[in-house]
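The structure appears right after this line, and notes come after that.
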Amino acid sequence: MIQYRANGIFTGTRLLDENWVLAVREDGRVEGVYPRSSVSTPVRVLEGLLCPGFVNAHCHLELSHLKGIVRENTGLVQFLVEVTRFRDEVDPAKVSAAMEAADQEMAQSGIVAVGDVCNTFNSAEQKLRSSLYYHSFTEVLGFSDSSARDRLTQILELRDRYRARGLPATVSPHAPYTVSASLFRLIGSLDETGSVSVHNQECLEEEKLFGGDQQAFQEIYDSLEIDRSSFQATGKSSLQSWLPLMQEPQKLLLVHNTCTTGQDIRFAQDSPHELFWCLCPNANLYIEGRLPDISLLRQSGCRMVLGTDSLSSNHRLSILEEIKTIRKFFPGIPPAELLAWATENGAEAIGAEQLGSFSPGKVPGVLLLGGSAPFRLDPDTTVTRIL
Ligand SMILES: [Zn+2]
């Protein structure tokens with residue numbers, strides 16, 4: 001048994017002061033968190049804040065080789081055009097090496113679990129080798145109603161290839177501007193055994209599309225040769241258009257939410273789904289140069305989680321860096337709340353229930369946040385994984 005005491009402990013839900021001790025077995029299983037007065041020695045005393053391992057709820061490991069290649073601040077349309085241009089133009093050995101480096105970068109930045117979007121089987125070997133827990137969101141696109149059944153069949157095959165190797169996976173629609181109403185209905189009638197992830201309301205173009213703008217996303221549809229003829233504008237917001245197509249209650253991970261309004265949030269909260277709202281602030285700044293209304297999401301009682309998105313739209317894969325960005329733009333959000341988004345909420349969102357908190361029996365990994373004022377999660381806060 002190892003017993004740790006520091007300047008404080010964040011348990012996954014609350015912040016405790018220096019008068020508490022974390023007890024963990026050598027294999028990483030949490031024994032409990034106890035008052036200092038009730039614990040016998042020896043206790044390892046550390047400088048900083050103890051915290052469960054971070055969960056990165058949104059990444060695309062298979063795009064890691066695009067680091068530094070896609071231009072910043074061009075908007076989502078241009079971003080997607082560049083990603084699709086460059087993603088397949090690399091030799092497979094480089095793709096594998098980039099995924100391995102990205103996986104190691106995540107481990108070094110205190111991430112213990114990842115919700116990873118994948119369009120191919122390329123990331124499977126790295127996931128099997130990795131020390132991190134991965135949930136794979138096998139992602140489907142298909143904007144023509146007539147192709148919906150075939151697209152679903154193909155993506156179920158990919159999902160089942162992951163599952164056959166022991167890697168948890170669920171089907172996930174890419175985004176409302178690339179998934180037809182028929183395909184949403186088919187996905188929405190699946191009885192998935194885990195959460196379903198959707199890129200939601202990432203840019204204004206998406207709202208324009210559903211509002212009836214014929215030119216919205218045309219550049220993407222042209223460059224990807226996507227047939228948009230079955231799309232019908234609803235005159236409603238994107239979220240209010242696609243969410244009702246998901247008929248079976250699902251555990252839904254809504255990613256980005258850059259243009260989500262209060263009315264959208266209430267609409268979603270009235271649906272039968274269990275909702276998690278994922279923020280990827282550094283990717284939003286990289287692509288669109290704007291952030292979601294995080295204050296509004298928070299005040300509306302949304303369950304928040306954090307993601308890095310991929311190295312095609314981020315300089316680093318670090319949940320701590322995402323937290324620092326939120327602290328910079330929304331300094332009023334209490335640090336303990338941000339840590340809950342990064343740990344327990346994230347673990348629940350991707351079905352990694354053994355992680356995310358210091359509850360007895362869990363194996364969440366132990367992080368030590370250091371720096372001049374780790375309780376404030378300032379720009380100089382550091383993270384080290386100690387167990
Ligand atoms: Zn993404």
Residue among VAL45, VAL77, VAL81 that is under 30 Å from GLY356 (Cα atoms) and of a type in the set (A, V, I, L, M): VAL45
Cβ-Cβ under 8 Å pairs, at least 6 apart or on other chains, segment 254-269 side in contact (Cβ under 8 Å) with a residue 12 or more places away in the chain, far side assigned to a helix (DSSP H, G or I) and within 16 Å of the ligand (Cβ to nearest atom): HIS256/ALA283; HIS256/ASN284; THR258/ASN284; CYS259/GLU206; CYS259/SER238
Flag for ARG161 being over 20 Å from TYR177 (Cβ atoms) and surrounded by fewer than 17 Cβ atoms within 10 Å (Cβ to Cβ): yes
Strands (runs of 3 or more DSSP E) contained in segment 265-377 and holding at least 2 residues modelled with pLDDT of 95 or more, in the same structural domain as GLN201 (by TED's automatic domain parsing) and within 16 Å of the ligand (Cβ to nearest atom): 274-279, 304-306
Top-ranked residue in segment 221-261 [being touching a Ser or Thr at 6+ places or on another chain (Cβ under 8 Å) and assigned to a helix (DSSP H, G or I); ranked as farthest from GLY346 (Cα to Cα)]: SER223
Subset tally (residues that are crowded, with 16+ Cβ neighbours inside 10 Å and at pLDDT 95 or above) for segment 212-231: 1
Any strands (runs of 3 or more DSSP E) falling wholly within segment 41-140 and containing at least 3 residues that are modelled with pLDDT of 95 or more and over 19 Å from VAL171 (Cα atoms): 49-52
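The values are calculated or read from the model by the stated rules, or taken from the named source; none is laboratory data. Bear in mind the structure is a predicted one, so any value in this text is a computation, not a measurement. With ideal geometry, Cβ positions are generated from the backbone for all residues, glycine too; neighbour counts draw on all protein chains shown.
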